[in-house]
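Q: Before we start, here is the structure in question, set down as C-alpha cells.
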Amino acid sequence: MKLRQLHYIQQVAKHRLNITAAAEALHTSQPGVSKQIRLLEEELGVDIFQRNGKHLTAVTPAGRRILDYTERLLQETANIKSISQEYRQTDSGDLSIATTHTQARYALPPVIRKFRERYPKVRLHLQQGSPPQIAQYAASGETDFAIATEALEHFKELVMLPCYHWNRCVLVKPDHPLAQKSSQKKMPLTLRDVAAHPIVTYTFGFTGRSKLDQAFAAQGLKPEVVLTAVDADVIKTYVRLGLGIGIVAHMAYDPRLDKDLVALNAEHLFATSTTHIGFHRGMFLRGYMYDFISIFAPHLTREKVDRVAAEPDPVVRAKLALALGQRLPTI
C-alpha cells in the first residue's frame, strides 16, 4: 500500500468517481490512476469502487470505510510534514484561505498586510467561493482556513471560532426619497420604508442574506428584490444606475470611495451576523497560523484556539466557541 494510491482513491471519491477529473487534479494520467486503484484493490483483496465496464458507478461498503480511514491518514501525513517544517523553517511555508468576496475585499486586506510584514516568507493563497464551497474546502483539507458568515456550522469536522459581529447599511443615491427623509426628519429607517422600494442585495446564502429575509418575513413584508449579487461592488454599481436601493454589509461602504452614495444606518433593522474562521479539527496549526488567527481576531489567543480544538464533541465544541463570542467587536 502506497500513500500515492490513497491520494488517488481520495481524489476519485472527491471528484464523484470521475477518474479523468481526478487525474487532472493530481497532474497525472487517467490510465495511471486506474492502474494504481486496481493494484490497491488487489493488495487489499476487496473492491473499493463498483464498476460498470470501465466506469466507476459507486463506492462499495468496504470502500466507504477505507476512504474514512484514508482521509484521517492523509491528514496525519500532512500534519507530520507541517510539524517538521515548523521546527525546520518556523517563518516560512504556505497558508491557504477560502473566503467570500466581502471578506476578501473589505475585512482581510489590513490583516494580510500586517501578516505579510511579520511573515514575508509565507506564501498566501486566497480562494473565493460560496459559503458551502468554502466550508467544504476546509473540511476536505484543500485549504487551511475558511472565513465566512454562513454554512460553516454544517460541517462537524470543522473547528469554528467567532471573529467579529457586523451589520448592514442601506445605500441610496443622494437624491433618493429615503436620503431626503432621513436628512429632513432625522427619523430612523423602518423596514416598511425599505420594503417600499426595489432592492438590490446579496444572493441567498451569501453575507448573511438569510437575516434580511427573516426580518422582512417577521413583519409580513414582501420586498421586491430586483437584483442579487455576491459582490458588494456590483450591488453599488446598480444602485448608482438607479435600479434600486442597496443593502450591503456596513464594512462594504467606504465614505471616500463611495461619496456619490448615502449610507443609511440599518443595524436596528436586522439581526447582527457573525463572521467565523474555521479549520479542520485534525489539522496541525503552525505558529504563523495561530498568528494569522490572532491578527484577524485578537481575542482568539493560541490557548483559546487549542482549548476549543481539543474538544471532541462537536456540540460542546460549539458551546465553547460561542462563549468566546460573548464580547466580540462589531465592525
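Q: If you plug each phi of the stretch 264-270 into the Karplus form 6.51 cos²θ - 1.76 cosθ + 1.60 with θ = phi - 60°, what whole-Hz ³J(HN,Hα) values come out, in order, with x for Gly and Pro?
A: 9, 4, 10, 5, 7, 8, 10
Q: Which percent of the accessible heavy-atom area of the chain goes to carbon and sulfur, probe 1.4 angstrom?
A: For the chain, the apolar C and S fraction of the accessible surface comes to 53 percent.
Q: Follow-up. Check residue 164: other-chain or 5+ apart residues with amide H under 5 Å from its amide H, H built from backbone geometry?
A: Residues meeting the criterion, in which the H sits 1.01 Å from N, are 275.
Q: What's the local net charge at residue 221, with K and R +1, D and E -1, over the other residues with C-beta under 12 Å away?
A: Here the charged neighbours net out to -1.
Q: Could you check which residue among 195, 151, 218 shows the biggest mean-square fluctuation in a GNM of the chain with a 10 Å Cα cutoff?
A: 218
Q: Pop the C-beta distance of residue 130 and residue 330 into the FRET formula with R0 = 22 Å and round what comes out to the nearest 0.05.
A: That gives a FRET efficiency of 0.35.
Q: I would also like to ask the following. Residue by residue through the stretch 169-174, which ³J(HN,Hα) values in whole Hz follow from phi under the Karplus form 6.51 cos²θ - 1.76 cosθ + 1.60 (θ = phi - 60°), with glycine and proline marked x?
A: 9, 9, 9, 9, 6, x
Q: At 1.4 Å probe size, with every protein chain present, just tell me what the per residue accessible area of the stretch 252-331 comes to in Å².
A: 51 Å²
Q: Now, a different point. Mind listing the long-range amide H neighbours of residue 60? Cut-off is under 5 Å, sequence gap 5 or more, other chains count too, H placed in the peptide plane at 1.01 Å from N.
A: Placed amide hydrogens put 49, 50 under 5 Å from residue 60.
Q: Tell me, what HN-Hα J-couplings in whole Hz come from the Karplus equation 6.51 cos²θ - 1.76 cosθ + 1.60 at θ = phi - 60° for each residue of the stretch 54-62, using x for Gly and Pro?
A: So the Karplus estimates, Gly and Pro as x, are 8, 9, 7, 10, 6, 8, 6, x, 5 Hz.
Q: R0 = 51 Å: FRET efficiency of residue 24 with residue 175, Cβ-based, nearest 0.05?
A: So, using R0 = 51 Å, E works out to roughly 0.45.
Q: Need one word for the stretch 183-241: rounded, prolate or oblate. Basis is the Cα gyration tensor (sqrt eigenvalues a ≥ b ≥ c); a/c below 1.5 gives rounded, then a/b vs b/c decides.
A: oblate
Q: How high is the relative contact order of the stretch 1-152, given as a whole-number percent (alpha carbon pairs under 8 Å, six or more residues apart)?
A: 17 percent
Q: Moving to a separate point now. 5 Å is the cut-off here: which amide hydrogens, built 1.01 Å from N in the peptide plane, fall below it relative to residue 96, excluding neighbours closer than 5 in sequence?
A: 125, 144, 145
Q: Taking +1 at the Cβ of each Lys and Arg and -1 at the Cβ of each Asp and Glu, which of 106, 22, 36 sits farthest along the dipole of the stretch 1-130 towards its positive end, judged by Cα position relative to the Cα centre?
A: 106
Q: To the nearest 500 deg cm²/dmol, what mean residue ellipticity at 222 nm is calculated for the chain from DSSP H runs of n ≥ 4 alone, each contributing -39,500 (n - 2.57), summed and divided by the residues?
A: Taking each H run of at least 4 residues, the total per residue is -13000 deg cm²/dmol.
Q: Explain nothing, just the number: dipole magnitude of the stretch 1-128 about its Cα centre with +1 on each Lys and Arg Cβ and -1 on each Asp and Glu Cβ, in debye rounded to the nearest 20.
A: So the dipole magnitude of the stretch 1-128 works out to roughly 400 debye.
Q: So if we plug the beta-carbon distance of residue 117 and residue 290 into 1/(1 + (r/R0)^6) with R0 = 25 Å, what FRET efficiency do we get, rounded to 0.05?
A: Taking R0 as 25 Å, the efficiency between residue 117 and residue 290 is 0.90.
Q: Does the stretch 1-45 come out rounded, prolate or oblate by the C-alpha gyration tensor, with a ≥ b ≥ c the root eigenvalues, rounded set by a/c under 1.5 and, if not, prolate when a/b is larger than b/c and oblate if not?
A: Prolate, since a/c reaches 1.5 and a/b exceeds b/c.
Q: Is there a quick way to get the dipole size of the chain? I mean about its Cα centre, with the Cβ of Lys and Arg at +1 and of Asp and Glu at -1; what is the value in debye to the nearest 20?
A: Using only the charged Cβ atoms, the result is roughly 360 debye.
Q: Return a whole-number percent for the relative contact order of the chain, with Cα pairs under 8 Å and 6 or more residues apart as the contact set.
A: Reported relative contact order: 20 percent.
The values are calculated or read from the model by the stated rules, or taken from the named source; none is laboratory data. In this text, all values refer to a predicted model and were calculated from it rather than measured experimentally. Don't worry about glycine lacking a Cβ; one is built from the backbone with ideal geometry, like all the others, and counts go over all protein chains shown. Areas reflect the complete protein model, heavy atoms only, side chains present, ligands, DNA and RNA absent. Shrake-Rupley method; radii C 1.70, N 1.55, O 1.52, S 1.80 Å.
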